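The values are calculated or read from the model by the stated rules, or taken from the named source; none is laboratory data. The shown structure was predicted, so the numbers you read here are calculated from the model rather than taken from an experiment. Note that each Cβ is placed from the backbone with ideal geometry, even for glycine, and that neighbours are counted across all protein chains shown.
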Amino acid sequence: MSFTQAIIENVLKLAEEKGAKKVSKVVVELGDLLLINPEQLGFCFQVLSCGTIAEGATLEIKFVKPHIECPICGKHHSYPVAICECGGIVKVEGGKDIIIKRVEMEV
Amino acid sequence: MHRIEVDAEIDILDIDKRLAAENRDFLKKHGITAINIMGATGSGKTLLIEKTADTLIDKVKIGAILGDVIGKADYERVVRRRVKAEIINTGKECHLDAHMIHHAIEKFDDVDLLFMENVGNLICPVDFDLGEDYRVVMVSVTEGDDVIEKHPEIFRLADVIIINKVALAHAVEANVNKMIEDARNLNAIAKIIRMDLKKNIGFNEWLEWLEEALSRSK
């Protein structure tokens, strides 16, 4: 819920800066390794936007995969394993951010 | 009225990241080793702080920030051990965050070792950097020997993984070796300790790790 609150606060601030009357769509990138349930995020967005100019706006969530690569053999892994088949310690980068990418609004 | 699209690129975790960095600067400035202890309710987090205090309190000044949804039971337990403590009741939040720690941290400028005992669960605390030096995750065999494989992310990011209550493993039919293997499959470098705090198993190994960590902060 605190994440959704932060999303809405930032969206409303941006909308105010642009002089918007209504927010129609918010596009958010969500890191795949975050333990955030996207359905809950969507539900909280609906509830917390009530009574604001973002009420009824669509929340579009795009998932961002982390980059998981063995620095020894260069193999890319699809999920975070600790040790590669070659014995190398796998490096995991990204997949932990929430970014508001785009906001559509009526001005 | 017409429709516009605004490219935003706003990082929602930016404030958390900044506050965690400020906490880290504060801790570094005062030579404090900070440990974020995570684990389910009843896994042994508070007992670990109590026993550590019993052993080290005469030579190491210890502080503890205790996160709980409600109540002050943990606070009262550690204060009896001469630990300088502060309680954070998180209310409806299931984790500590850098902002809560930021408010509480200033009174701990004179400690050598600061425990941040997180709210008891293996999910919500994962995404929040508090500014700690080390992440310790504690599980007990009574949670089932599949508890580690079911919660990969918290173990992937841990510096120390403690498997507690191993003396009860037989009674609850938990396979401790499987738990260790699961932990190693998720995390190649974490220190893994088999422990039973009530039977004094693995506690010295913990103290050795802790004393090394303390000497690194000096």
By residue number, the members of region B:1-41 that are closer than 16 Å to B:G67 by Cα and either at pLDDT 95 or above or among the aliphatic types (A, V, I, L, M) (or both) are B:A34, B:I35, B:N36, B:I37, B:M38, B:G39, B:A40
Enumerated helices (runs of 4 or more DSSP H) restricted to region B:151-218, each holding at least 2 residues that are over 27 Å from B:D58 (Cα atoms): B:152-156, B:176-186
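So, in region B:80-123, how many residues would count as being out of contact with any helix residue (DSSP H, G or I) (no Cβ under 9 Å at 6 or more places or on another chain), assigned to a loop (DSSP other than H, G, I, E, B) and under 24 Å from B:L210 (Cα atoms)? Don't jump to the end; show me each part of the working.
From region B:80-123, those out of contact with any helix residue (DSSP H, G or I) (no Cβ under 9 Å at 6 or more places or on another chain) are B:89, B:91-92, B:100, B:103-104, B:107, B:110-111, B:121; that's our starting set.
Still in the list and also assigned to a loop (DSSP other than H, G, I, E, B): B:91-92, B:110-111.
With under 24 Å from B:L210 (Cα atoms) added as a condition, the list becomes B:110-111.
Of the residues in that region, 2 qualify.
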Hey, among the residues in region B:143-173 that are surrounded by 22 or more Cβ atoms within 10 Å (Cβ to Cβ) and among the hydrophobic types (A, V, I, L, M, F, W, C), which one's farthest from A:K96 (Cα to Cα)? B:I163
Which is without any contact (Cβ under 8 Å) to a residue 60 or more places away in the chain, within 12 Å of chain B (Cβ to nearest Cβ) and polar (S, T, N, Q), of A:T52, A:T4? A:T4
In region B:94-142, which residue that is among the acidic types (D, E) and within 17 Å of B:V69 (Cβ to Cβ) is surrounded by the fewest Cβ atoms within 10 Å (Cβ to Cβ)? B:D97
Return the pairs, sorted by first residue and then second, in which the second residue is at pLDDT 95 or above and not in a loop (DSSP other than H, G, I, E, B), the first residue lies in region B:90-114 and is among the polar types (S, T, N, Q), the beta carbons are less than 6 Å apart, and the residues are 6+ apart or on different chains. none
Do any residues in region B:8-30 that are within 13 Å of chain A (Cβ to nearest Cβ) have Cβ atoms under 9 Å from those of residues that are polar (S, T, N, Q) and crowded, with 17+ Cβ neighbours inside 10 Å, where the two are at least six apart or on different chains, and which pairs are they? B:A8/A:N10; B:I10/A:N10; B:I12/A:N10
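Any residue that is in contact with a Lys or Arg (Cβ under 6 Å, 6 or more places away or on another chain), in contact (Cβ under 8 Å) with a residue 12 or more places away in the chain, in a strand (DSSP E or B) and within 30 Å of B:R194 (Cβ to Cβ) - is there at least one of those in region B:46-53? Outline the logic, then answer.
First, the residues of region B:46-53 that are in contact with a Lys or Arg (Cβ under 6 Å, 6 or more places away or on another chain): B:46, B:50, B:53.
Among the residues that remain, those that are also in contact (Cβ under 8 Å) with a residue 12 or more places away in the chain are: B:46, B:50, B:53.
Restricting the remaining residues to those that are in a strand (DSSP E or B) gives none.
Within region B:46-53, none of the residues are in contact with a Lys or Arg (Cβ under 6 Å, 6 or more places away or on another chain), in contact (Cβ under 8 Å) with a residue 12 or more places away in the chain, in a strand (DSSP E or B) and within 30 Å of B:R194 (Cβ to Cβ).
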What do you reckon, is A:G19 more than 8 Å from every other protein chain (Cβ to nearest Cβ) and within 27 Å of A:K65 (Cβ to Cβ)? no
Filter region A:66-107 for residues that are more than 9 Å from every other protein chain (Cβ to nearest Cβ), within 30 Å of A:N10 (Cα to Cα) and out of contact with any Gly (no Cβ under 6 Å at 6 or more places or on another chain); the one that is surrounded by the fewest Cβ atoms within 10 Å (Cβ to Cβ) is A:E93
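Taking the options B:E9, B:E86, B:E76, name whichever one is touching a Phe, Trp or Tyr at 6+ places or on another chain (Cβ under 8 Å) and not small (G, A, S). Quick ask: steps written out before the conclusion?
On the way: B:E9 fails: touching a Phe, Trp or Tyr at 6+ places or on another chain (Cβ under 8 Å); B:E76 fails: touching a Phe, Trp or Tyr at 6+ places or on another chain (Cβ under 8 Å).
Matching residue, one of B:E9, B:E86, B:E76: B:E86.
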